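Only one structure is covered here, and it is reproduced in the block below.
The values are calculated or read from the model by the stated rules, or taken from the named source; none is laboratory data. What you are looking at is a predicted structure, and each value in this text was computed from that prediction instead of being measured. Ideal geometry is used to build each Cβ from the backbone, glycine not excepted, and the neighbour counts take in all protein chains shown. Protein only, heavy atoms only, side chains kept; ligands, DNA and RNA dropped before computing areas. Shrake-Rupley method; radii C 1.70, N 1.55, O 1.52, S 1.80 Å.
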Amino acid sequence: MTSRSFPATLLLLSLAVPATALAQPAPAPAPYAVEPAAAHPEWDAEYTRAIREATTGAQFMTDLVDHLPASATVPTPKRFLGYIAGAPDRLTYAGDVHAYMRALAVASPRVKVFAIGTTEEGREMIAVAIADEATITSLGRYREITARLSDPRTLAEGEAKRLIAEGKPIYYLTGAMHSPETGSPEMLMELAYRLAVEDTPLVAGIRANVITLITPVLEVDGRDRMVDLVRWHQANPDAGVPPFPYWGHYVAHDDNRDAIGLGLALSRNVLRTFLEWHPQVVHDLHESVPFLYISTGTGPYNAWLDPLVIDEFTRMADREVAELTAKGLPGVWTHGFYDGWAPNYLFWVAFGHNAIGRFYETFGNHVPSTEDRVVRRMSERAWYRPNPPLPAVRWSLRDNVNYQESGALLALANVAAERTRFLELYWTLGKRSVAKARTEGPAAYVFDAAQKRQGQLRDLMRLLRTQGVEVHVAEKPFTVALTWPPKAPGGPAKAGPVAAVGANDGAGKGTEESTRFAAGSFIVRMDQPYSRLADTLLDTQYVRADERVYDDTGWTLGYARNLEFTRVVNPEVLAVPMRPWNGTSPARPALAGAALAVANTADTDLVRLRTALPGTRMLVAEEAFKGARPWPVGTVLVPLEGGTRPEVARVLASLALDTEALPALPAVRTHELALPRVALVHTWLSTQNEGWYRLALEDLKLPFAYLSTQQLAREPDLRATYDVILFPPVERGDVQDIVSGLPPGPPLPWKRTPLTPNLGVDETDDMRPGLGLAGITNLARFVEAGGVLITAQDTAELAIRYGLARWVEVVPTPKLKATGSLLKAVITDAASPVAFGYDGTVPVYFDGAPVFKVGAFADRERDGDRPSGRGGKGDPDVPQGRPYVARPEAPKPGPGEEGFQPPEDLRLFYQPYVPRIEDRPRVILAFPKEADTILLSGMLDGADEIAGKPVVIDAPLGRGHVLLFAINPMWRVSTQGSYALVTNAIFNFDRLSLGWPPAAK
Ligand SMILES: [Zn+2]
């Protein structure tokens, strides 16, 4: 019935080990003695025998999973699929996993299957609910209970107590997010069967006290491709396993970094499921380190989490480690893997909503075959790993299943044993989240209505609503003192973190200074159940440089979307008259006039206007002009000619753009706002980063062709077909690998065939060849003929190293530490169309490399410290016995000359090496020269090494341009604030030389 019974159960077992269980050599001692199947007529003898044959040693088995109970009516995985969960060399397609779950639901009143959405490629995702029959019959009531407990504002304490006594905690298990991690769907089928059928006190207790919810395959598209790859490998055993570029339709392991941006179907489907069920625990099953890592993390833990959450996941982990160790499993541990900082993992669906998020990492072979594995570092004992994994092991898929399933059963049993405690904790966490506004604060975040980039602002508010966060709108203008930073006791306000942070300058507003906000400002209140999530997404992060971080350190959404936002501690803000925002935009007046001026504020809504009306003529003003107010260079003009007016009005109604109706097109120089022919390039090495670019372009409805580097190598005249080639970062090995590809060998196809029907998204007969020197030549020819090549991070490095961008170098930065941080960049050349719509500064996502420097000459001879001599430090040195000759002042570089000043002496001989100004790289964006102003959010140390360094460079080549980004402008559907750096370049691809060379001052 409860967990208290299992140690006793364990000690009962002490009989002889069947020979089959020890078929593989196993290191002694085997602490668990296997129960003979003959003593258990209630077991499925054949299935039980197969479990024992597939397990490579008795020490990798527990009494919980060394058998399977028989059922006359409910099909086992073996009866349905022909093999047991974790059978050697067998892996199950997602559709068959789902079909099995549905067969369970048909056969057992204890199982019910729910469709929870589809994947990008149209495959189904499911959730399976398992509990005793009475609970399954009343699922609606139990869901109502957890839903009501989720919002303490609408529930009295006494009623909550009654609901806690009546309710059942929901424990949500999810598998196969990462496609090469293959064991969890197999395990979850068997677990579902066992939970439905087994009559031990432990399982019956789970069934009676917990609602187990299972999504057996999260990344359904990728799962099917992984099974294809295994089939191909089995048919071609000597060729190894082909590299796996498309874990999902877009990204690889980053599908577990999408909980902030919700760009992927699996994130949205799980979030929706979570918000419909309100589970108390989400437990995500991964495979990597040996043999079973149970999540806690090394820290730093996310600073916005309730300590009670951290206490609870630690308690659960410690308990399972101890119990599994007591059952004799070697290598179950916690703490020393992953940090706990970023809120972008899928299991943050729990943390963000007052539930417990956790994960397992079991040891997986990727392929289902049994393998001899070597474990080096992690077989060492450590304080958090007193029972380390074995240094060498023969490991099977079934071993993996045994570990996962034993752990999951113990976790479920522990929750079952403390049914009301988990509901009580959930209720308490909700109450503390609501109280947050008045205890630790802040009271709210305010996004002033009087700011630019209303499209990005509304997108962010919509995202928060999708996340379950309530958003309000101020009914009228209001003024509030921020009361942050706090005053030191008895003294004046301390200097410290700024109260009000704006994307553009981070300038602090005074602690008691009243700040005014416009009517219609968005207010995200912290006295709501999901305030923790809102706070972590909207606040500013600080991470010490000596932390060992696992992923991004800064994600502040206001910065990432280039918005102004204010953290208000003063609870008076909660009394401002406001109403819930329902996601709608204000009504727009009818379109008058002969033309429309549309502000370019580097907002994604401007891109949406262009792409929604591909046939409508739009112009870019190359000069400033005056309407009812002044309009700057870069303003978009839409002639309201012919029948365009209703269409333009319809599209504008769905956007939040600042416009003015003009009586006539202004008489200024313009060029067409082009919707050019764009190609987006991927390698066959990794598609993860470019997947985020595809998501960004598709979200903006910007059409593009999807090409591999191999196609670039084959097409000598790319300019005939494309205007812009976007080459996102690859970040897989050295940049030379992009050119050289995989080592030569027999072809590795990535193709749909009868054997591999699920391989896509792109196809090739052989993944090995790279871009090649032919591809480099074709890219150079493309740019020389007027094309624009956009590169970022390592593809920018590639362009530099292979001669596509001259007079730019990548400089070493031994002291720099900036792991996935949001930094401030400044516009250094506002005349470039790439900078259209931006203010003086832009928040950018920077991941520590590369760091660029432009110039044709090594640093000039610099004036050193003066020699010891007369006078003071600032005085000239005066040699004796001759008249004094002053040293000439060092020349100051003019616009565009920095890095290109030839040595002062013997200029004649340097002349041939000095590029003409129009051929020089043009720095459009740079990090500020003041190192201590660069960090906005996350980690930054050694900032001196990036101070003043270029962030975006336009390197001309022939008639075209190569754009080099040191940052990643399109990252995880979160950095909309820098999207316009790319889309401006796309829309103005044939006018990038505007304002260049710079006018001499
Ligand atoms: Zn994983």
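The figures follow:
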read-out	value
Only listed residue being at pLDDT below 95 and either small (Gly, Ala, Ser) or buried (at least 16 other Cβ atoms within 10 Å of the Cβ) (or both), chosen from Ala85, Ala33, Ala70, Ala45	Ala33
Within region 901-915, considering residues that are closer than 11 Å to Ala856 by Cα and not in a helix (DSSP H, G or I), the one modelled with the highest pLDDT	Pro915
Region 322-340 - residue that is touching a residue at least 60 places away in the same chain (Cβ under 8 Å) and in a helix (DSSP H, G or I) and, of those, farthest from the ligand (Cβ to nearest atom)	Ala326
Tabulated pairs, region 779-791, first within 7 Å of Arg719 (Cβ to Cβ), second assigned to a strand (DSSP E or B) and of a type outside the set (Ser, Thr, Tyr), C-beta under 8 angstrom, 6+ apart or interchain	Phe782/Ile725; Phe782/Leu789; Phe782/Gly960; Ala785/Gly960; Gly786/Gly960; Gly787/Val724; Gly787/Ile725; Gly787/Gly960
Looking only at region 365-400, and only at residues there that are surrounded by fewer than 24 Cβ atoms within 10 Å (Cβ to Cβ) and under 22 Å from Leu218 (Cβ atoms), the one that is farthest from the ligand (Cβ to nearest atom)	Val367
Any chance Arg617 is closer than 30 Å to Gly775 by Cβ, at pLDDT 95 or above and open to solvent by 10 Å² or more (accessible area, probe 1.4 Å)	no
Check on Ala649, small (Gly, Ala, Ser), in contact (Cβ under 8 Å) with a residue 12 or more places away in the chain, out of contact with any strand residue (DSSP E or B) (no Cβ under 6 Å at 6 or more places or on another chain) and surrounded by 13 or more Cβ atoms within 10 Å (Cβ to Cβ)	yes
Number of positions in region 262-278 that are part of a helix (DSSP H, G or I) and either at positive phi or away from the ligand (no atom under 16 Å from the Cβ) (or both)	10
Qualifying position, being open to solvent by 20 Å² or more (accessible area, probe 1.4 Å) and touching a residue at least 40 places away in the same chain (Cβ under 8 Å), among Asp765, Asp794, Asp839	Asp839
Boolean, Asp847 is open to solvent by 10 Å² or more (accessible area, probe 1.4 Å), under 27 Å from the mean Cα position of the chain (by Cα) and of a type outside the set (Gly, Ala, Ser)	yes
Residue check for Gly995: surrounded by fewer than 23 Cβ atoms within 10 Å (Cβ to Cβ), touching a helix residue (DSSP H, G or I) at 6+ places or on another chain (Cβ under 6 Å) and under 29 Å from Gly786 (Cβ atoms)	no
Complete set of residues in region 341-362 that are farther than 22 Å from Phe422 by Cα and assigned to a loop (DSSP other than H, G, I, E, B)	Trp341, Ala342, Pro343, Asn344, Tyr345
For Gly634: the one exception among (1) over 34 Å from the mean Cα position of the chain (by Cα); (2) closer than 29 Å to Leu697 by Cβ	(1)
Condition check for Leu429: closer than 30 Å to Ala534 by Cα and of a type in the set (A, V, I, L, M, F, W, C)	yes
Enumeration of residues in region 731-752 that are part of a loop (DSSP other than H, G, I, E, B) and within 31 Å of the chain's Cα centre (by Cα)	Glu731, Arg732, Gly733, Asp734, Gly741, Leu742, Pro743, Leu748, Pro749, Lys751, Arg752
Within region 240-287, considering residues that are closer than 29 Å to Leu409 by Cβ and small (Gly, Ala, Ser), the one nearest to the chain's Cα centre (by Cα)	Ala259
Every residue from region 925-955 that is assigned to a helix (DSSP H, G or I) and surrounded by fewer than 16 Cβ atoms within 10 Å (Cβ to Cβ)	Asp932, Asp944
Leading residue by the ranking (most open to solvent (accessible area, probe 1.4 Å)) among those in region 431-461 that are part of a loop (DSSP other than H, G, I, E, B) and aliphatic (A, V, I, L, M)	Ala450
Entirely in region 138-253, the helices (runs of 4 or more DSSP H) that have 3 or more residues that are more than 16 Å from the ligand (Cβ to nearest atom) and closer than 25 Å to Thr764 by Cα	220-235
Among (1) among the hydrophobic types (A, V, I, L, M, F, W, C); (2) assigned to a loop (DSSP other than H, G, I, E, B); (3) open to solvent by less than 50 Å² (accessible area, probe 1.4 Å) - the single one Ile51 does not satisfy	(2)
Top-ranked residue in region 279-300 [being farther than 23 Å from Thr212 by Cβ and within 13 Å of the ligand (Cβ to nearest atom); ranked as most open to solvent (accessible area, probe 1.4 Å)]	Ser288
Pairs where the first residue, in region 279-292, is assigned to a loop (DSSP other than H, G, I, E, B) and the second is polar (S, T, N, Q) and away from the ligand (no atom under 15 Å from the Cβ), C-beta under 8 Å, 6+ apart	Pro279/Thr146; Gln280/Thr146; Pro290/Ser379
Failed criterion for Asn365 (all others in (1) more than 30 Å from Pro529 (Cα to Cα); (2) of a type outside the set (Lys, Arg); (3) not in a loop (DSSP other than H, G, I, E, B) hold)	(3)
Conditions (1) open to solvent by 60 Å² or more (accessible area, probe 1.4 Å); (2) under 30 Å from Val761 (Cβ atoms); (3) not hydrophobic (A, V, I, L, M, F, W, C): number failed by Gly117	(1)
Only listed residue being crowded, with 21+ Cβ neighbours inside 10 Å and not in a helix (DSSP H, G or I), chosen from Arg567, Arg579	Arg567
Within region 715-730, tally of residues that are assigned to a helix (DSSP H, G or I) and either aromatic (Phe, Trp, Tyr) or touching a residue at least 60 places away in the same chain (Cβ under 8 Å) (or both)	2
Residue count for region 526-564, restricted to those that are over 18 Å from Leu823 (Cβ atoms), of a type in the set (D, E, K, R) and crowded, with 21+ Cβ neighbours inside 10 Å	2
Lone qualifier among Phe347, Phe313 - being among the aromatic types (Phe, Trp, Tyr), within 14 Å of the ligand (Cβ to nearest atom) and buried (at least 24 other Cβ atoms within 10 Å of the Cβ)	Phe347
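Conditions tested, residue by residue: (1) in contact (Cβ under 8 Å) with a residue 24 or more places away in the chain; (2) within 21 Å of Ser521 (Cα to Cα).
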residue: Met578; (1), (2): yes, yes
residue: Val598; (1), (2): yes, no
residue: Ala621; (1), (2): yes, no
residue: Gly642; (1), (2): no, no
residue: Ala661; (1), (2): yes, no
residue: Pro666; (1), (2): yes, no
residue: Arg669; (1), (2): yes, no
residue: Glu672; (1), (2): yes, no
